[in-house]
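This report refers to the structure that appears directly beneath it.
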Amino acid sequence: MQQKRREEEGLSQPDNVMTGITEINDDNFDAEVSGSDAPVLLDFWAEWCHPCHMIAPEVEAIAEAESSRLKVGKLNVDNSPNTAGRFGVFSIPTLLLFVDGEEKARMVGVRRREAILAEIQPYLAAPTTAEDSQMEELRS
């Protein structure tokens, strides 16, 4: 019952969405994506799209592995047609990478995690260790 109500309100997500993935829609796009300090990987999907469900575990794994360097979001194109249209998303799944609110990379169709990471890696900050952070603080 609650899932049905969420779907009616445009809040449906794939059943296996993990925490760490932000639900993006027409109303919160500017705040969540354009206003993000971190790069944002945005997955344009729809409930009826089988390939979207195929790529979901890859996107979830990236969200978990890169949480310190990357924000990951999902946007249901049926519930947020304005944002999908604004970025010319006509086929799904489509992954867009935004840096400082600007589209930097576009991937259409199902891809494996390694291929997605290879495409977005140049836009991610180098991973830092706690030791690196301490050294930077000492240099300041």
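The values are calculated or read from the model by the stated rules, or taken from the named source; none is laboratory data. Bear in mind that the values here come from a model prediction, so they are computed numbers and not experimental data. As a convention, Cβ positions derive from the backbone with ideal geometry for all residues, glycine included, and neighbour counts pool all protein chains shown.
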The helices (runs of 4 or more DSSP H) lying wholly within the stretch 30-140 that contain at least 1 residues that are at pLDDT 95 or above, within 18 Å of Gly20 (Cβ to Cβ) and touching a Lys or Arg at 6+ places or on another chain (Cβ under 7 Å) are 50-65
Going through the stretch 46-79 in order, the residues found to be more than 17 Å from Glu119 (Cβ to Cβ) and either of a type in the set (Val, Ile, Thr) or touching a His at 6+ places or on another chain (Cβ under 8 Å) (or both) are Val77
Residue hits (the stretch 8-29; modelled with pLDDT of 95 or more and touching a Pro at 6+ places or on another chain (Cβ under 9 Å)) are Asp26
